[in-house]
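S.K.: Sharing a structure with you now.
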Amino acid sequence: MEKLDVPQGTLDLMILTILAREPMHGYGISQRLAVLSHDEFHVNPGSLFPSLYRLEEDGKLKAEWRPTENNRRAKYYKLTASGRRQLERHRERWNRVSFAVTGVLEGA
Amino acid sequence: MTLLHRLASIVRWIVRRHRAERDLNDEMEAFVDMAAADRTSDGAPPAEARRLAVLRLGGVEQAKERVRAARHGAWLDEIGRDVHCGLRQIRRDPAFSAIVIATLALAIGLTCSMFGVLQAVVLRPLPFPATKRLMMVWQTDRNAGTSREPASIPDLLDFTERSQHIERFGAVSASDATLQVAAADPVHVAALTVSSSVFGLLGVEPVAGRSFDPREYRPGEGQVVLISERLWTRLFRREPSAIGASLRVNERPAVIVGVVADAADFGVQQVLSSAAYARGFADRDARTRVDVWLPLRAGRGAPRGFHGVLMIGRLAPGATRASAQAELARVAADLERMYPENSARGVFLEPIEDVVLGPVWTPIALLTAGVILVLLTACVNLAILLLARGTTRTNEIAVRMALGAERRRMLRQLFIENVLVSGIGAAPGLLLAYGTLNAIRAFAPAHIPRIASVGIDFSVALVALVSAAVIAFALGLLPLAQIRVGASGLVLADRPSRGTGVSSGRLRSVLVAAEVAVAVVLLTGAGLLTRSLWRIYHVDPGFDVTRVLKAELQLPPTRYQLPFGASAAPDSSFTRLIGGFVERAERLPDVQAVALAAHHPLDAGFTTSFALVGAGSQPANEEELSVRGITPGYFETMRVSIVTGRPLNDSDLASSVRAAVVNEAFVDQFFPNVDPIDRRLQFLRSEWTVVGVAGNERFHGMTSAPPAAAYVPLNHAPWPRLAMVVRTSGDPSAVVPGLRRAVGEIDPTLAMFAVEPLEQTLTTPFGQHRFLTTLLALFAIFAVILAAVGVYGVLSYTVVQKTPDIAVRMALGADTRQVLRLVLRETTVVTGAGAIAGVGLALLSSRSLSSLLFEVTPTDPVTVGAVVIFLIMIAAAATWIPARRALNIDPLAALRRQ
């Protein structure tokens, strides 16, 4: 089966959701995303990191270098208060969109 | 996201660039490590794991690139890279870049120069307070048909009293003065006598000392003067002791009360030159500046019939030129009724601005037109060059876009390239403007007002930057046109598609034809002016100016009584002066011949009415005779030929029979078929006998016909101003000290002035003509070079475009001539059409030059023919290289490239 692309505009939402649970580094985020999406979404760093950096610059995430479990150094991203608010907004919007689309698909 | 926030993150990014880069690197490394670690734990060997991890990532560099692009400050980095890239492009084709930059520099330099001149001379407001309300109040003479006449003092007083629409009147009068400070050498200067309101009207303030007191304008007070800064520096070395110093002005004691700025006499030259009479020193030399200012002292007792002052006035608030003109015309009519001296005298109001700037409009308009034409040509060339290069670069652009470059990015890159080129062109452009303006300051004719203040200042530099920016912007849009046109089919094609070539190629051809036309027009104008100048220079003046020195003397009336009309015997001091001077001067080394004359050969002198005694047609009422008083050495000094009879000699000076030598013009007019020798004439209250006929001297200027004249011995027709002419065997200027000594020995209070080689007096009046011609010739040369570059460009492009065609034909056996015909056809059409259009335009527009042309018709076929031939030669030269390139095409290689 061909690979699925991450739908336009949802990557931010998913990143924020993942980080809402616990701070994580980039690799971890990409792994978690693959697992949670039932192995459908495989995001490569070329797409993931630009979003991470953008979210960080916009103040939604905060990054700091920390040692990993294997004692490597990695950059961990954490959700900020503003990030949480953004997550809420994104989630609400997504709910509305999916509700609307589902309504059309089922009602037509 | 707020603007502030965005700015802050940009600043942060700039500040932390390096660290951010390192961070990014580390982060990617960590990512790769972790991915590899996972694979290793799945059982793959470490190296293999790493490789797979990197592969799966899709390329670390690309990832980094995309991250960089996503950052807020990224675009700055990109622009930096674009600039770097642009510079590399420019370096890659140095010849092309050089041509573009040179053309740009020319365009910017010309724009700046033109703007600099316009601003200094025309655009800046005149330095008078309320300039627009300042008027010349000329009188007019209906009988003589003149409209710029001086007025008399009583007239001035009457106008002042009776006018409401003019709130203030002033009067000026120009003259020459001899100044002597203590025992120093006397100095001859130009003087301006002004009424009490003139300083206020013109806004003249003293820079040292004070202005005149109101009582100093009353007759009977001690004489006071104001001197110019120039004179202050020259005579007093700017010492404050000059204020209050006494000196002799025209032999009378006076006191200096103040100093005025050098620029205080702004406009005086132009006003005096416009006047029909009372021009004073302005006639002598357009470069004369006022060095001494005197208060006008005249009361009602002054004669009403003597018109010696020029009136200026300022409009009252609420009055207009028309209303003041009407009012003053009424006053003039009243005066006409009351006084016989005012018969046929009217009034004419002219804004001072028009008088000062009027003579300058035509040459400036002409030059501005020339500059604009060259500018347009330069811009067209730039457009053509850049379009042509854009077309040849489409391959490169297509490849880059195929590799994934965004279109917006490409456009931005090309835009930045063009901006860079314009920027690089702006600096030499400013330099060119600087040099040009300096040259203009040095060589421009002096009577153009304020030309000496032309230079680079803030506004000129601003114009340079603005024009560079405008050009950059306009040219920057060109690649837009090309990429859009080609975008759809471009990526697929691997050579410039014919379709786009043809349509833009036609536009290109039309533009180049227009360039050729412009070049023809400018060349024709320059050619006509040059021919005219050549003609003027080759007019036979009737006398020989080589190695002749001229100097002038002013004889103060206090010591030299010179009755007008030769009936009374002249002052013995006068006769002693002429005799003594000639004798001494002849003994100086290197002197071949010496003469004194009332007027030097380029001085129009005066005319008087006369009558013929005995048979012969009497002169009509207006026909007058020019009288030239000379010493006998004159004919030899000036090498004027004697046609019949004999020249004047020493015995004529003393003889009771007054001898006169007439010129050929006189004989042609009044003694057409009769022997003029021994005929008698009556003028200057005396009877004269003609003893000889001399060749014509063009003392009215090279462009006017020589008038009828009679030469008489100087002591029989004395004149308060004398010209010395000295023929030397070496450098005429070397004789000057000896002459000064000779004059000083006879009369130490006389000051020699206007000392110059007569050759210079001859050529100075053509200063403006020379200046214009030089500039126009320069423009023509620029236009020709630009047109040649344009033709070259068109042909180069045609060759590139038609290479496949040529290759095929060559492979099929076409010979040189056929290939050339294929390639040159378009160029020939373009050049031919341009030349024909240019000739047509030139013939139409050269009429505007007719006032400047001497003995050359505006449609002179020789000039036009020469221009066309010259252009053909240049076009042929321009097509040489591309044509050779066409002939050297290797057909197989070209076809293989398809």
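The values are calculated or read from the model by the stated rules, or taken from the named source; none is laboratory data. Being a predicted model, the structure only gives us computed values, none of them experimental. Virtual Cβ from ideal backbone geometry, glycine too; neighbours counted across all protein chains shown. Just the protein is used for accessible areas: all its heavy atoms, side chains included, with ligands, DNA and RNA removed. Shrake-Rupley method; radii C 1.70, N 1.55, O 1.52, S 1.80 Å.
S.K.: Just one of B:Leu822, B:Leu892, B:Leu849 is of a type outside the set (Asp, Glu) and under 30 Å from B:Thr362 (Cβ atoms); which is it?
M.R.: Only one candidate passes the filter, namely B:Leu849.
S.K.: To continue, here is another question. Restricting to region A:30-43, and then to whatever is within 25 Å of B:Arg68 (Cα to Cα) and either in a loop (DSSP other than H, G, I, E, B) or basic (Lys, Arg) (or both), can you tell me which residue is nearest to the other protein chains (Cβ to nearest Cβ)?
M.R.: Out of the qualifying residues, it is A:His42.
S.K.: A follow-up question, please. Are any residues in region B:704-728 part of a loop (DSSP other than H, G, I, E, B) and either among the basic types (Lys, Arg) or out of contact with any helix residue (DSSP H, G or I) (no Cβ under 7 Å at 6 or more places or on another chain) (or both), and if so, which ones?
M.R.: Result: B:Ser704, B:Ala705, B:Ala717, B:Trp719, B:Pro720.
So that you can scan it fast, the table gives a plain yes or no per residue for (1) open to solvent by less than 60 Å² (accessible area, probe 1.4 Å); (2) closer than 28 Å to B:Ile352 by Cα:
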position: B:Arg234; (1), (2): no, no
position: B:Ala242; (1), (2): yes, no
position: B:Leu247; (1), (2): yes, no
position: B:Val260; (1), (2): yes, yes
position: B:Asp265; (1), (2): yes, yes
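S.K.: Another question about this same structure. Being out of contact with any helix residue (DSSP H, G or I) (no Cβ under 6 Å at 6 or more places or on another chain) and either modelled with pLDDT of 90 or more or not acidic (Asp, Glu) (or both) narrows it down to one of A:Arg73, A:Arg32, A:Arg54, so name that one. Show your work before the answer.
M.R.: Working: A:Arg32 fails: out of contact with any helix residue (DSSP H, G or I) (no Cβ under 6 Å at 6 or more places or on another chain); A:Arg54 fails: out of contact with any helix residue (DSSP H, G or I) (no Cβ under 6 Å at 6 or more places or on another chain).
Exactly one residue qualifies, and that residue is A:Arg73.
S.K.: Right, another one. Give the number of residues within region B:543-601 that are in contact with a helix residue (DSSP H, G or I) (Cβ under 7 Å, 6 or more places away or on another chain), open to solvent by 20 Å² or more (accessible area, probe 1.4 Å) and at pLDDT below 80.
M.R.: Qualifying residue count, region B:543-601: 3.
S.K.: Report whether or not B:Ala842 is within 25 Å of the chain's Cα centre (by Cα), of a type outside the set (Lys, Arg), closer than 19 Å to B:Leu511 by Cα and crowded, with 20+ Cβ neighbours inside 10 Å.
M.R.: Here the answer is yes, as B:Ala842 does meet what is asked.
S.K.: Further, regarding this structure: Looking for whichever is closer than 25 Å to B:Ala20 by Cα, in a helix (DSSP H, G or I) and either within 11 Å of chain B (Cβ to nearest Cβ) or small (Gly, Ala, Ser) (or both) here; the options are A:Gly103, A:Gly46. Which one fits?
M.R.: Details: A:Gly103 fails: closer than 25 Å to B:Ala20 by Cα.
It is A:Gly46.
S.K.: Would you point out the residue of region B:729-750, among those that are part of a loop (DSSP other than H, G, I, E, B) and within 24 Å of B:Tyr560 (Cβ to Cβ), that is most open to solvent (accessible area, probe 1.4 Å)?
M.R.: Checking each candidate, the answer is B:Pro748.
S.K.: What is the number of the single condition among (1) more than 30 Å from B:Val268 (Cβ to Cβ); (2) of a type outside the set (Phe, Trp, Tyr); (3) surrounded by 19 or more Cβ atoms within 10 Å (Cβ to Cβ) that B:Val454 does not meet?
M.R.: Just one mismatch for B:Val454, condition (1).
S.K.: Consider only pairs whose beta carbons are under 8 Å apart and that are at least six residues apart or on different chains; among these, list those whose first residue lies in region A:51-78 and is more than 8 Å from every other protein chain (Cβ to nearest Cβ) and whose second residue is of a type in the set (Val, Ile, Thr) and outside any strand (DSSP E or B).
M.R.: Once the first residue is more than 8 Å from every other protein chain (Cβ to nearest Cβ) and sits in region A:51-78, its partners that are of a type in the set (Val, Ile, Thr) and outside any strand (DSSP E or B) give A:Leu52/A:Ile15; A:Leu52/A:Ile29; A:Leu55/A:Ile15; A:Lys60/A:Thr80; A:Leu61/A:Thr80; A:Lys62/A:Thr80; A:Tyr77/A:Ile29.
S.K.: If the requirement is being open to solvent by 30 Å² or more (accessible area, probe 1.4 Å) and at pLDDT 70 or above, which of these qualifies: B:Leu437, B:Leu465, B:Leu492?
M.R.: B:Leu465
S.K.: Farther than 18 Å from B:Leu549 by Cα and without any contact (Cβ under 8 Å) to a residue 60 or more places away in the chain - does that describe any residue in region B:790-799?
M.R.: Of all residues in region B:790-799, those farther than 18 Å from B:Leu549 by Cα come to B:790-799.
Subset that is without any contact (Cβ under 8 Å) to a residue 60 or more places away in the chain: none.
Checked against the condition, which is being farther than 18 Å from B:Leu549 by Cα and without any contact (Cβ under 8 Å) to a residue 60 or more places away in the chain, region B:790-799 yields no hits at all.
S.K.: Counting only residues that are among the aromatic types (Phe, Trp, Tyr) and at pLDDT 85 or above, how many does region B:733-770 have?
M.R.: Our first condition is that a residue be among the aromatic types (Phe, Trp, Tyr); within region B:733-770, this holds for B:753, B:766.
Applying the additional criterion that residues be at pLDDT 85 or above yields B:753.
The total comes to 1.
S.K.: From the set of residues in region B:311-338 that are under 38 Å from the mean Cα position of the chain (by Cα) and among the basic types (Lys, Arg), which is most open to solvent (accessible area, probe 1.4 Å)?
M.R.: The extreme case among them is B:Arg321.
S.K.: Among the listed residues B:Arg658, B:Arg685, identify the single one that is touching a residue at least 12 places away in the same chain (Cβ under 8 Å), touching a His at 6+ places or on another chain (Cβ under 6 Å) and not β-branched (Val, Ile, Thr).
M.R.: From the options B:Arg658, B:Arg685, the qualifying one is B:Arg658.
S.K.: Please find, within region B:18-58, the residue that is farthest from A:Arg73 (Cα to Cα) out of those that are at the interface with chain A (Cβ under 7 Å from one of its Cβ atoms) and modelled with pLDDT under 75.
M.R.: B:Gly58
S.K.: OK, next. In this structure, is B:Ile227 more than 30 Å from B:Gly346 (Cβ to Cβ), out of contact with any Ser or Thr (no Cβ under 7 Å at 6 or more places or on another chain) and hydrophobic (A, V, I, L, M, F, W, C)?
M.R.: Yes; evaluated as a whole, the condition is true for this residue.
S.K.: Here is a follow-up. Kindly check whether there is at least one residue in region B:871-882 that is part of a loop (DSSP other than H, G, I, E, B) and in contact (Cβ under 8 Å) with a residue 60 or more places away in the chain.
M.R.: From region B:871-882, those part of a loop (DSSP other than H, G, I, E, B) are none; that's our starting set.
Checked against the condition, which is being part of a loop (DSSP other than H, G, I, E, B) and in contact (Cβ under 8 Å) with a residue 60 or more places away in the chain, region B:871-882 yields no hits at all.
S.K.: I need the strands (runs of 3 or more DSSP E) fully contained in region B:605-694, keeping only those with at least 2 residues that are closer than 23 Å to B:Asn715 by Cβ and touching a Phe, Trp or Tyr at 6+ places or on another chain (Cβ under 6 Å).
M.R.: So the answer is B:625-630, B:659-663, B:680-683.
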